[in-house]
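Let me begin by presenting the structure, written as structure tokens, before commenting on it.
The values are calculated or read from the model by the stated rules, or taken from the named source; none is laboratory data. Source: prediction; values computed, not measured. In this analysis, Cβ positions are derived from the backbone assuming ideal geometry, glycine residues included, and neighbour counts consider all displayed protein chains. These accessible areas exclude ligands, DNA and RNA; they are computed on the full protein's heavy atoms, side chains included. Shrake-Rupley method; radii C 1.70, N 1.55, O 1.52, S 1.80 Å.
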Amino acid sequence: MKTIIKRRILMQVGACALALCATVTHAQTDWPTKPVTLIVPFPAGGGTDAFARPLAAVLSKSIGKQIVIDNRGGAGGNLGAGIAAKAAPDGYTLFMGAVHHSIAPSMYPKLDYDLQKDFVPIALVARVPQVLVVNPQKVPGDFKAFMNQVNTNPGKLNYGSAGSGTSHHLAGELFKIQSKTDIAHIPYRGAGPALQGLMAGDVDMMFDGLGSSSAHIKSGRIKPLMVAGSSRNPAIPDVPSAAELGLPDYTVSTWYAIWAPKGTPPAVQAKLIDEIKKLAKDDTIVKVWAANGAEFPDLTGAQFGAFVDSEIKRWADVVKTSGAKLD
């Protein structure tokens, strides 16, 4: 009799466990059931915003729930990253980081997050070349005239960046090494403020992602002198590449990506990846990306994670070679 009772209890416990698993799985695959927060770790108006906002708008329609942008600028993008890393891993907080976050481990002696351990990689959503842009009132002429001005005034010209340790900063330091020039670094709290400083004439130049510079280039408020790569970009076809200008090894791109806090359910990750992949063919996304000279790479999950690992190593080598430090 006792044996029969024990069997019945075990069967009931097993049935409850199966029901619980089914409920949890169902809840995960039903994601989302409420708005999702997308933490953007830079001030509004920067390069990340140029891609985050249209992506959030289109993805909101696709998943049936609003994607709410939460700009958390500061510390070169690390403040927002730390907040995202500590968020509940339930699929309702996502993080849109950038190439800056692959640089941070080699620049900051202590971070309150670990990009490789505290997040799960979801997808690389945009990649755009950096461009050397100048204030045309302070740096007139073409690249040759610019180089003459820099070389005859060592240490007197300056470049703005989104903050120490960002790709804008490292792009500038790499340029100085390869062009053998002396240009001062002026860090800002984000690409948006740095661009405002450039347009106001507070700084002479900036190494910026084409995504955040394109609108100001079109308005004539800033002027592009060089695309940081081996070829020209279709969005600004008249601007020569670094290779054309005698800097064949000067290649810098700004990329933007989505992560989720570690522990986010696999079913949610898979659904999110599927939805993001659809965006690559969305008419709105295609037009916005093209206008910003960007591509939408097909790099998700583990493959995207491997790419991030390689970027962390690459930028660590650049930091070591350049001697770049936090200002």
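Among the residues of the range 225-250 satisfying the criterion of being within 20 Å of the chain's Cα centre (by Cα) and in contact (Cβ under 8 Å) with a residue 60 or more places away in the chain, which is surrounded by the most Cβ atoms within 10 Å (Cβ to Cβ)? Please lay out each step first, then the result.
Initial filter on the range 225-250 (within 20 Å of the chain's Cα centre (by Cα)): 227-229, 233, 235, 250.
From what's left, in contact (Cβ under 8 Å) with a residue 60 or more places away in the chain: 227-229, 233, 250.
On the way: V227: 28, A228: 25, G229: 18, N233: 20, Y250: 23.
Going through the qualifying residues, I end up with V227.
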Item to check | Residues (over 17 Å from the mean Cα position of the chain (by Cα), not in a loop (DSSP other than H, G, I, E, B) and not aliphatic (A, V, I, L, M)) located in the range 256-286 | outcome: P266, Q269, K271, D274, E275, K277, K278, D283, T284
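Yes/no per residue for (1) modelled with pLDDT of 95 or more; (2) under 16 Å from the mean Cα position of the chain (by Cα); (3) closer than 24 Å to D274 by Cα:
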{"site": "R7", "(1), (2), (3)": "no, no, no"}
{"site": "C16", "(1), (2), (3)": "no, no, no"}
{"site": "L59", "(1), (2), (3)": "yes, no, yes"}
{"site": "A87", "(1), (2), (3)": "yes, no, yes"}
{"site": "H100", "(1), (2), (3)": "no, yes, no"}
{"site": "Y108", "(1), (2), (3)": "no, no, no"}
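Counting just the residues of the range 34-80 that are of a type in the set (S, T, Y) and in a helix (DSSP H, G or I), which one comes out least open to solvent (accessible area, probe 1.4 Å)? So that I can check it myself, show each step before the final result.
Keep residues of the range 34-80 that are of a type in the set (S, T, Y), which gives 37, 48, 60, 62.
Now restrict to residues that are in a helix (DSSP H, G or I): 48, 60, 62.
Numbers: T48: 5, S60: 22, S62: 54 Å².
That would be T48.
Are any residues in the range 140-176 β-branched (V, I, T) and over 24 Å from the mean Cα position of the chain (by Cα), and if so, which ones?
Answer for the range 140-176, where residues must be β-branched (V, I, T) and over 24 Å from the mean Cα position of the chain (by Cα): V150, T152.
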Checklist entry - Which one of the conditions (1) open to solvent by less than 60 Å² (accessible area, probe 1.4 Å); (2) in contact with a Lys or Arg (Cβ under 9 Å, 6 or more places away or on another chain); (3) at negative phi; (4) part of a loop (DSSP other than H, G, I, E, B) does D182 fail to meet, given that it meets all the rest? => result (1)
Checklist entry - Of all residues in the range 128-144, which are in contact with a Leu (Cβ under 9 Å, 6 or more places away or on another chain) and open to solvent by 40 Å² or more (accessible area, probe 1.4 Å)? => result K138, D142, K144
Item to check | Considering residues of the range 294-327 that are at pLDDT 95 or above and open to solvent by 30 Å² or more (accessible area, probe 1.4 Å) only, the residue farthest from G211 (Cα to Cα) | outcome: A302
Next on the checklist: Given the options Q116, Q149, name the one that is touching a Leu at 6+ places or on another chain (Cβ under 9 Å), surrounded by fewer than 24 Cβ atoms within 10 Å (Cβ to Cβ) and not acidic (D, E).
Outcome noted: Q149
Item to check | Residue list for the range 278-293, filter: open to solvent by 10 Å² or more (accessible area, probe 1.4 Å), in contact (Cβ under 8 Å) with a residue 12 or more places away in the chain and out of contact with any strand residue (DSSP E or B) (no Cβ under 7 Å at 6 or more places or on another chain) | outcome: K278, A280, D282, T284, V288, A290, A291
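Kindly indicate whether any position in the range 208-215 is touching a Gly at 6+ places or on another chain (Cβ under 6 Å), crowded, with 24+ Cβ neighbours inside 10 Å and either at pLDDT 95 or above or hydroxyl-bearing (S, T, Y) (or both). Before you say what the answer is, go through the steps one by one.
So in the range 208-215, the residues touching a Gly at 6+ places or on another chain (Cβ under 6 Å) come out as 209-212.
Still in the running and crowded, with 24+ Cβ neighbours inside 10 Å: 209-212.
In the following step, the residues that additionally are either at pLDDT 95 or above or hydroxyl-bearing (S, T, Y) (or both) were identified as 212.
Looking through the range 208-215, at least one residue is touching a Gly at 6+ places or on another chain (Cβ under 6 Å), crowded, with 24+ Cβ neighbours inside 10 Å and either at pLDDT 95 or above or hydroxyl-bearing (S, T, Y) (or both).
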Checklist outcome for this item: Conditions (1) closer than 30 Å to Q303 by Cα; (2) in contact (Cβ under 8 Å) with a residue 40 or more places away in the chain; (3) surrounded by fewer than 17 Cβ atoms within 10 Å (Cβ to Cβ) -> A104 fails only (3)
Next on the checklist: Step by step: first the residues of the range 201-223, then only those that are in contact (Cβ under 8 Å) with a residue 60 or more places away in the chain and of a type in the set (A, V, I, L, M), then the one that is nearest to S253 (Cα to Cα). Which residue is that?
Outcome noted: L210
